[in-house]
Amino acid sequence: MEILLERAESEIIVKKSRFISIALPCSSLEEIKSLVKQIRDEHPNATHVVHAAVIGPKGDLYSMSDDREPKNTAGRPALEVLKGSGVTNILVCIVRYFGGTLLGTGGLVKAYGDSTKEVLGVIKTEPLIAKVSFSMMISYDFYELIKRLLVQVKASNVEEEFTSGITIKGMIPLTEKEALSSKFVSITMGRCTITFS
């Protein structure tokens, strides 16, 4: 499975109706409602804001809504495309601005499915792997060596705080935990601390 890294957007036009697809990272079913509301707030004049989501490490939790489109003509085709994509922890909102021409049931199914395919073509993903958080306190003299070490162990979401010492927090793949721990002790000669959670 892959997971979505960042928001992505695409747009198609079908018989003058605009379909704007917005893919958002989403890690729980509870998060969906607030994300859909956020998209509605960004597009207050939209006719419909349909959504489909695939959540969980196995990609086996689903959510969808037709948002007043005829039953199963919007959310379901979008969800079916998502389920076949191999991407999880993803919410796709499809914002429709009605163009004046009715598309019919088949036309809607095709438009919402195509709209979802379109945004999947522009998203950035990474493999879903188990990660662990780390927090370390180091003195300034170890900073450059530790920065190089963090690149080696594929650290992500790194935050640094400079005070009398340096606090560095972030995430690493679980498989790199032992390497980070032993190399950290070696570099700092056991004089600095690292914790994992």
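The values are calculated or read from the model by the stated rules, or taken from the named source; none is laboratory data. Model, not experiment: these values are computed from the prediction. Cβ sites come from the backbone with ideal geometry, for glycine too, and all protein chains shown count toward neighbours. With ligands, DNA and RNA removed, areas are computed over all heavy atoms of the protein, side chains included. Shrake-Rupley method; radii C 1.70, N 1.55, O 1.52, S 1.80 Å.
Phi angles of the stretch 9-15 translate, via the Karplus equation with coefficients 6.51, -1.76, 1.60 and θ = phi - 60°, into HN-Hα couplings of 9, 8, 8, 10, 10, 10, 6 Hz per residue; Gly and Pro are given as x. Measuring against 32 Å, Cα to Cα, the residue pairs 58/117; 33/177; 16/124; 71/131; 71/117; 16/58 contain 33/177; 71/131; 16/58 as the ones spanning a longer distance. Solvent-accessible surface of the stretch 90-167, taken per residue with a 1.4 Å probe and all protein chains present: 53 Å². Dividing the helix sum by the residues of the chain, where each DSSP H run of 4 or more adds -39500 (n - 2.57), gives a mean residue ellipticity at 222 nm of -10000 deg cm²/dmol.
Among 79-85, 43-49, 162-168, how do they line up by average Cβ neighbours within 10 Å per residue, starting with the highest? Each step should come with its number before you reach the end.
Working: 79-85: 18.7, 43-49: 14.9, 162-168: 12.7.
Ranking the peptides 79-85, 43-49, 162-168 by packing returns 79-85, 43-49, 162-168.
Just the number, please: carbon plus sulfur as a percent of the accessible area of the chain, 1.4 Å probe, no ligands or DNA/RNA counted. Reported share for carbon and sulfur atoms: 55 percent.
Within the set (1) 0.96; (2) 1.34; (3) 1.26, the number that Cα Rg over 2.2 N^0.38 Å takes when calculated for this structure is listed as (2).
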